[in-house]
Amino acid sequence: ALEKLEAGFKKNDPAKVFAKAQLEMQEDPRKALATLEQLDLSKVMAPVADEARTQRAMLHLMLGEVSLARQLADNVDLKRQQDPRSRAMMAAIVSEAWARSGQAKKAIETLDVFDLTDAQLEPLRPQIYRSYAYAYAHTNRLKDLRRALRRMLDIDVRLLGGFLMKKTHPLLQKEARRLVEQSGAVPRQIHVQRPRG
């Protein structure tokens with residue numbers, strides 16, 4: 001697939017760069033980042049530059065590099081995106097970067113614009129709920145956090161796995177672990193009492 005891409009497009013064609021990064025993302029997020037960084041954001045149309053910023057922010061978030069994601073997110077203008085699905089996807093990534101770097105209220109306001117009952121947003125719901133989960137954890141909205149996590153669990157229990165990593169917000173980690181254990185997807189941790197003496 002990568003060879004076909006190389007043959008079919010000009011060197012820094014944005015469509016080629018995005019497609020190549022998508023393929024690399026599965027194996028090596030760092031390589032995908034390097035590919036996206038080849039795009040000169042000052043030379044492409046503004047909506048394309050925003051898409052590149054958002055994709056790069058998503059990779060930085062995957063790698064736990066929140067401050068780098070935040071710098072990119074702050075330069076994305078969601079109003080430039082005409083396609084509702086693209087706008088929702090970008091909003092979810094940008095909001096996650098904000099939620100994880102001290103702007104959780106702004107993240108919630110951004111996400112609240114979208115109607116999650118809209119059928120065309122269905123494929124994006126996991127990403128949107130993930131962003132909500134971070135934002136609710138960082139604003140201590142426990143009931144809303146639990147609701148967002150339960151919605152993710154209903155889609156696929158594996159979606160909660162990302163919250164069980166070390167650097168996750170403690171409240172989010174605790175609630176995600178509780179739900180995963182309740183679902184029976186992983187055995188509860190067994191605490192063995194060691195005999196004294």
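The values are calculated or read from the model by the stated rules, or taken from the named source; none is laboratory data. This structure is a prediction, so every number in the text was calculated from the model and none was measured. Heads up, the Cβs are rebuilt from the backbone with ideal geometry, glycines too, and the neighbour counts pull from every protein chain shown. Side chains included, ligands, DNA and RNA excluded: accessible areas come from the protein's heavy atoms. Shrake-Rupley method; radii C 1.70, N 1.55, O 1.52, S 1.80 Å.
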Give me the percent of accessible area attributable to carbon and sulfur for region 1-159, probe 1.4 angstrom.
49 percent
Output the Kirkwood hydrodynamic radius of region 84-196, Cα pairs only, in Å rounded to one decimal.
14.7 Å
Virtual paramagnetic centre 7 Å along Cα→Cβ of LYS79, amide N under 12 Å, in region 21-52
none
What the Cα atoms of the chain span along the principal axes, largest first and in whole Å, is 70, 38, 31
Length gained when the stretch LEU171-LYS106 is fully extended (0.36 nm per residue, less Cα-Cα span):
21.4 nm
Output ³J(HN,Hα) for region 137-154: one whole-Hz value per residue in order, computed from phi by the Karplus curve 6.51 cos²θ - 1.76 cosθ + 1.60 with θ = phi - 60°, and x for Gly and Pro.
5, 6, 10, 6, 8, 4, 4, 5, 4, 4, 5, 4, 5, 5, 5, 5, 4, 4
Per the rule of 0.36 nm per residue minus the C-alpha distance, extending ARG30 to ALA15 adds in nm 3.5 nm
Which shape class applies to region 27-128: rounded if a/c is under 1.5, otherwise prolate when a/b exceeds b/c and oblate if not, where a ≥ b ≥ c are the square roots of the Cα gyration tensor eigenvalues?
prolate
Can you work out the accessible area per residue across the chain, with the rest of the protein chains kept in place, probe 1.4 Å, in square angstrom?
59 Å²
